[in-house]
Each structure stands twice: as structure tokens, then as C-alpha cells.
Amino acid sequence: MRSIGNYTMAGLKIDNITLPVNFTSIGSNAFNGCTNLTTVVSMNTTPPSLDALSFNNCSNLAHIYVPSVSVGAYKTATNWSSYANIIEAIPE
């Protein structure tokens, strides 16, 4: 899997997702209404493209884990910056 298209995961009862190293993009409303989603793990050191509404209505999203060398890049990347307060290094 290299991307998640618009509305692909919308409304699913998932609590976490891990994005692989070669992942490139998350579309608009890809996770819209995934109220159980609490954790996203991105294994990619380069922040994938993220639409402003990718995590729309994901009221319980509490953690976005990324490689430690990439925390700063994710916190400042387009649309990822909206989640800067919950972006942290992948726990070892």
C-alpha cells in the first residue's frame, strides 16, 4: 500500500494504523468519522502528503508516532503541522 484515497477508511472502527516506509499520501476524509482511531504510526522518514481533512472527525486521535529523526519534519509539514502537539518519536 502506497496511499489511502479519499474516504477509503471513513467510518471504520479501527483504533490504530501503521503506514509503511514507502507510503506517499493520505487523501481527503480518508479516515473521516473513525472515532475509535487513537494512534497513527508512520514508518516513513519523509512525511507523506496529507490532506487537511484526512483525519476529519477523528475525535480520539491522541498519538502520531514517526521515526525519531523525522519528528521536526512532520511537525512542520503541510497539514501534519495541525497535529504537532501529538507527533512524537516511535517508542523504542
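The values are calculated or read from the model by the stated rules, or taken from the named source; none is laboratory data. Worth saying up front: this structure is predicted, and the values here are computed from it rather than measured. Using ideal geometry, Cβ is built from the backbone for each residue, glycine included, and neighbour counts are taken over all protein chains shown. Heavy atoms of the whole protein, side chains included, go into the accessibility calculation; ligands, DNA and RNA do not. Shrake-Rupley method; radii C 1.70, N 1.55, O 1.52, S 1.80 Å.
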Checklist entry - Roughly what percent of Cα-Cα pairs across region 1-43 reach past 16 Å? => result 33 percent
Next on the checklist: If I compute solvent accessible area with a 1.4 Å probe over the protein chains, what percent of it on the chain is carbon and sulfur?
Outcome noted: 50 percent
Item to check | Probe 1.4 Å, accessible area per residue of the chain, Å² | outcome: 51 Å²
Next on the checklist: Let me check something: with ligands and nucleic acids excluded, how do 75, 13 order by accessible area (1.4 Å probe), largest to smallest?
Outcome noted: 13, 75
Checklist outcome for this item: In deg cm²/dmol, rounded to the nearest 500, the helical mean residue ellipticity at 222 nm of the chain, built from -39500 (n - 2.57) for every DSSP H run of length 4 or more, is -1500 deg cm²/dmol
Checklist entry - Considering only DSSP states other than H, G, I, E and B, which chymotrypsin sites (Phe, Trp or Tyr not before Pro) in region 1-87 qualify as loop sites with at most 12 other Cβ atoms within 10 Å? => result none
Checklist outcome for this item: For region 2-7, Karplus-derived ³J(HN,Hα) couplings (6.51, -1.76, 1.60; θ = phi - 60°; whole Hz; x for glycine and proline) come out as 10, 7, 10, x, 3, 6
Checklist entry - Within the P(r) computed for region 11-92, what percentage of the Cα pairs occupies the region above 16 Å? => result 45 percent
